[in-house]
């Protein structure tokens, strides 16, 4: 009897321990963001009235708004370009095995590429082409991550039952292009949207490319946050508020793509 | 007649496939393959940020310099230690959490959502967050352990502590990756072998060893390989938390190459190192790919 109870409780104990290990630091940062600047430093902690002054202050700060808008437009631009290209590629991989194994391997390898390898030549090339510190340059850099990621991920989307519906359409006289554009794409739209959101997040969170290829006018949020560290070194209340704003959009998008997240994380290896 | 019609269809398929692939492939070539070839060429030249031109061909000199470089071995050793330590501990924690989550029904979704959280958090924020918590005088971590009468720890101050602190932060950030992949594997295991084993009176432990582990092998290998490659890429948390220091304690390979290029200003030599790193990652990727396709 006791053994059964222990067996039922043990998993919850494990899960509670690790869930709190995850939650505590995040909640702590939220607390720091909601206190006033003096209290943020008090050890032992002082619990004042929570307020949103830090959030108001960072949004009144032009540089923060700049980072936010840059991150947003680069992530949206990247996804809008990469998603259709990747969808077409993934579809022809899945349906017609275009390019065979070599091409699939090339796409997977691009995905595994450590960014530091690519950032060196991109820097030299951008220097020549005057693309450093431009949004175009940043979007190009982020496409190197998003396009292979999406192309690889979407192959799994186009395999499966959709083939049967397509074949029916083809028998009814639809051309290959019509079947792809009018049948497959609309049916796959929710999956494509989820994949697009994952690509948005990849770009939103990306740091190394932005650190080296962007400049004062095009710095993204991660670069902005890393510079707060040195410039305001000590202003942890403002820093926490800014960090919360950087992770909030991702959590807002989470429910929309929860279902597809495993496929995305495992590069389609696990469904 | 029939075969001709079939080959016509096939040709149509192939042409349509190429048409769909061409734009993406062209972009992929332009933004990835071309820059990589550029890096390969640069690695044979004396190309620096002071003189960013391909006017001095030096053959394999850059590669020779990399081999002679005193600290590259240190950096590779740090990278290997970091990758092995973090991935192995992430695997152990991730597997325990996956097993626990697979066996509960209550609050399952709640736990699952919490697990997803760190994976989506910006790595820069992860680094900043932990710097704040682990600050020697002003951090909550040292205050918490002082309540338990433990002396304050200088988390990022000495070599050994800094290395394990970075490993710990990476584990915090990434163990859910393992947990979620392994959970997906566990959830798709068949029930029959367990029922048969129960009838034969097998204990939970021997079920785990003789049924769960062998059936989970493919998922385990894929999850480990993916995390290995991703861990080799680690840059952000090191940049934010330690800048490779103190000394060379956390100078992992991505940071080492970054420093050679943008502080050492020697792009040629950094390119030689990155080409070598590329070969290592390619080998791992090919292994992963062959493994993944053998499962289908």
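The values are calculated or read from the model by the stated rules, or taken from the named source; none is laboratory data. These numbers were taken from a predicted model, which means no experiment stands behind them. For neighbour counting, all protein chains shown are included, and Cβ atoms are generated from backbone atoms with ideal geometry for every residue, glycine included.
Condition test on residue B:65, is it farther than 24 Å from residue A:109 by Cα and surrounded by 15 or more Cβ atoms within 10 Å (Cβ to Cβ)? Spell out the reasoning first.
Working: farther than 24 Å from residue A:109 by Cα: yes; surrounded by 15 or more Cβ atoms within 10 Å (Cβ to Cβ): yes.
Criteria met by residue B:65.
Only a single criterion out of (1) surrounded by fewer than 23 Cβ atoms within 10 Å (Cβ to Cβ); (2) outside any loop (DSSP other than H, G, I, E, B); (3) more than 8 Å from every other protein chain (Cβ to nearest Cβ); (4) in contact (Cβ under 8 Å) with a residue 24 or more places away in the chain is not satisfied by residue B:157, namely (2). Among (1) within 13 Å of chain A (Cβ to nearest Cβ); (2) modelled with pLDDT under 90, there is one condition residue B:60 misses while meeting the rest; what is its number? Result: residue B:60 fails condition (1) only. Could you tell me whether the range A:48-69 includes any residue that is within 14 Å of chain B (Cβ to nearest Cβ) and either at pLDDT 95 or above or surrounded by fewer than 19 Cβ atoms within 10 Å (Cβ to Cβ) (or both)? Within the range A:48-69, not a single residue is within 14 Å of chain B (Cβ to nearest Cβ) and either at pLDDT 95 or above or surrounded by fewer than 19 Cβ atoms within 10 Å (Cβ to Cβ) (or both).
In the range B:252-275, which residues are more than 10 Å from every other protein chain (Cβ to nearest Cβ), in contact with a helix residue (DSSP H, G or I) (Cβ under 8 Å, 6 or more places away or on another chain) and surrounded by fewer than 24 Cβ atoms within 10 Å (Cβ to Cβ)? Across the range B:252-275, the qualifying residues are B:264, B:266.
Scanning the range B:113-129 turns up one or more residues that are at the interface with chain A (Cβ under 10 Å from one of its Cβ atoms), closer than 20 Å to residue B:156 by Cα and free of Cβ contacts under 8 Å to residues at least 12 places away in the same chain. So, in the range B:3-60, of the ones that are touching a residue at least 40 places away in the same chain (Cβ under 8 Å) and within 27 Å of the chain's Cα centre (by Cα), which residue ends up farthest from residue B:275 (Cα to Cα)? Only one residue tops the list, namely B:42. Would you check if there is a residue in the range A:139-146 being touching a residue at least 60 places away in the same chain (Cβ under 8 Å), within 30 Å of residue B:12 (Cα to Cα) and more than 8 Å from chain B (Cβ to nearest Cβ)? Yes, some residue in the range A:139-146 is touching a residue at least 60 places away in the same chain (Cβ under 8 Å), within 30 Å of residue B:12 (Cα to Cα) and more than 8 Å from chain B (Cβ to nearest Cβ).
Would you check if residue B:286 is in contact with a strand residue (DSSP E or B) (Cβ under 7 Å, 6 or more places away or on another chain), under 22 Å from residue B:35 (Cβ atoms) and within 10 Å of chain A (Cβ to nearest Cβ)?
For residue B:286, the condition - in contact with a strand residue (DSSP E or B) (Cβ under 7 Å, 6 or more places away or on another chain), under 22 Å from residue B:35 (Cβ atoms) and within 10 Å of chain A (Cβ to nearest Cβ) - is not met.
Taken over the range A:119-138, residues that are touching a residue at least 40 places away in the same chain (Cβ under 8 Å) and buried (at least 24 other Cβ atoms within 10 Å of the Cβ) amount to 3. When the range A:86-116 is filtered for residues that are over 27 Å from residue B:228 (Cα atoms) and within 18 Å of the chain's Cα centre (by Cα), only A:87 remains.
Of the residues making up the range A:11-47, those that are within 24 Å of the chain's Cα centre (by Cα) and either touching a residue at least 40 places away in the same chain (Cβ under 8 Å) or surrounded by 15 or more Cβ atoms within 10 Å (Cβ to Cβ) (or both) are A:18, A:19, A:21, A:22, A:25, A:26, A:28, A:29, A:30, A:33. For the range A:18-37, the set of residues classified as more than 14 Å from residue B:132 (Cβ to Cβ) and either assigned to a helix (DSSP H, G or I) or out of contact with any helix residue (DSSP H, G or I) (no Cβ under 9 Å at 6 or more places or on another chain) (or both) consists of A:18, A:19, A:20, A:21, A:22, A:23, A:34, listed by residue number. Inspection of the range A:84-96 finds a residue satisfying the criterion of being modelled with pLDDT of 90 or more, in a helix (DSSP H, G or I), more than 28 Å from residue B:252 (Cα to Cα) and out of contact with any helix residue (DSSP H, G or I) (no Cβ under 8 Å at 6 or more places or on another chain). Comparison of B:134, B:182, B:138 shows that the only residue that is within 22 Å of the chain's Cα centre (by Cα) and within 14 Å of chain A (Cβ to nearest Cβ) is B:182.
Residue count for the range B:194-213, restricted to those that are exposed (fewer than 11 other Cβ atoms within 10 Å of the Cβ) and closer than 23 Å to residue B:184 by Cα: 2.
Within the bounds of the range A:180-190, is there any residue that is at the interface with another protein chain (Cβ under 9 Å from one of its Cβ atoms) and in contact with a helix residue (DSSP H, G or I) (Cβ under 8 Å, 6 or more places away or on another chain)? Yes - at least one qualifying residue is present in the range A:180-190.
Go through the range A:167-187 and give me each residue that's touching a residue at least 40 places away in the same chain (Cβ under 8 Å) and either closer than 15 Å to residue A:78 by Cβ or surrounded by fewer than 21 Cβ atoms within 10 Å (Cβ to Cβ) (or both). Can you show your working first?
Keep residues of the range A:167-187 that are touching a residue at least 40 places away in the same chain (Cβ under 8 Å), which gives A:180, A:184-185.
Scanning the range A:167-187 gives a single hit, A:185.
Residues in the range B:64-91 that are within 30 Å of residue B:45 (Cα to Cα), modelled with pLDDT of 90 or more and in contact with a helix residue (DSSP H, G or I) (Cβ under 7 Å, 6 or more places away or on another chain): 3 in all.
For the range B:92-107, taking the residues that are more than 7 Å from chain A (Cβ to nearest Cβ) and more than 27 Å from the chain's Cα centre (by Cα), the one that is modelled with the highest pLDDT is identified as B:107.
Taking first residues from the range A:228-247 that are more than 9 Å from every other protein chain (Cβ to nearest Cβ) and partners that are modelled with pLDDT under 80 and surrounded by 22 or more Cβ atoms within 10 Å (Cβ to Cβ), the Cβ contacts under 6 Å between residues at least 6 apart in sequence or on separate chains come to A:237/A:40.
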